[in-house]
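The values are calculated or read from the model by the stated rules, or taken from the named source; none is laboratory data. Since we're looking at a predicted model, the values are computed, not measured. Cβ coordinates were reconstructed from backbone atoms using ideal geometry, including for glycine residues, and neighbour counts include every protein chain displayed.
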């Protein structure tokens, strides 16, 4: 996905960061996928050992294949939806603004823009053993408005991103106030 397809970049604007969620945060979905994929195999082995004639019959085998196919297709659809949501959640930080692109399911997307000079507070939130070890966490950006805040969820190096956002915000505020800040 090209950034030019997502945002209309201004002539003086340069992209500082394109942030995605940390890859480690997708591992629980992969583990869930593996566990769910093994369930029909275990059910088949269990039924085949307890009731060998039930699956091998003229009705049992096609029914088992049909139910297994429906199960696997549903599971793949769930996994694909989770992957799309993980991959297409995107935060673009330029020297002028922040663009928050949040994928909500397969067919829904929310895009929020925030000018850097409007930033009042930038906070990082790193909770837990794995986020601490693998250096990922949330970056919360607040403005003076009570309804506008952006959260970068599970991004790598949140403290570095916070420091850079504060620096970019000060530079952009100087630009918009004519250096009076």
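Overview of results
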read-out: Lone unmet requirement of (1) surrounded by fewer than 14 Cβ atoms within 10 Å (Cβ to Cβ); (2) within 20 Å of residue 8 (Cβ to Cβ) for residue 103; value: (1)
read-out: Members of the stretch 115-139 found to be touching a strand residue (DSSP E or B) at 6+ places or on another chain (Cβ under 8 Å) and surrounded by 17 or more Cβ atoms within 10 Å (Cβ to Cβ), listed by number; value: 116, 118, 119, 122, 124, 131, 136, 137, 139
read-out: Residue within the stretch 71-85 that is in the same structural domain as residue 139 (by TED's automatic domain parsing), over 20 Å from the mean Cα position of the chain (by Cα), in a helix (DSSP H, G or I) and surrounded by 12 or more Cβ atoms within 10 Å (Cβ to Cβ) present; value: no
read-out: Qualifying position, being outside the structural domain of residue 139 (by TED's automatic domain parsing) and exposed (fewer than 14 other Cβ atoms within 10 Å of the Cβ), among 62, 40; value: 62
read-out: In the stretch 146-176, residue nearest to residue 25 (Cα to Cα) [restricted to those that are without any contact (Cβ under 8 Å) to a residue 12 or more places away in the chain and not in a strand (DSSP E or B)]; value: 160
read-out: Hey, residue 27 within 17 Å of the chain's Cα centre (by Cα) and loosely packed, with under 14 Cβ neighbours inside 10 Å or not; value: yes
read-out: Which listed residue, of 76, 17, 61, 72, is out of contact with any strand residue (DSSP E or B) (no Cβ under 8 Å at 6 or more places or on another chain) and touching a residue at least 24 places away in the same chain (Cβ under 8 Å); value: 72
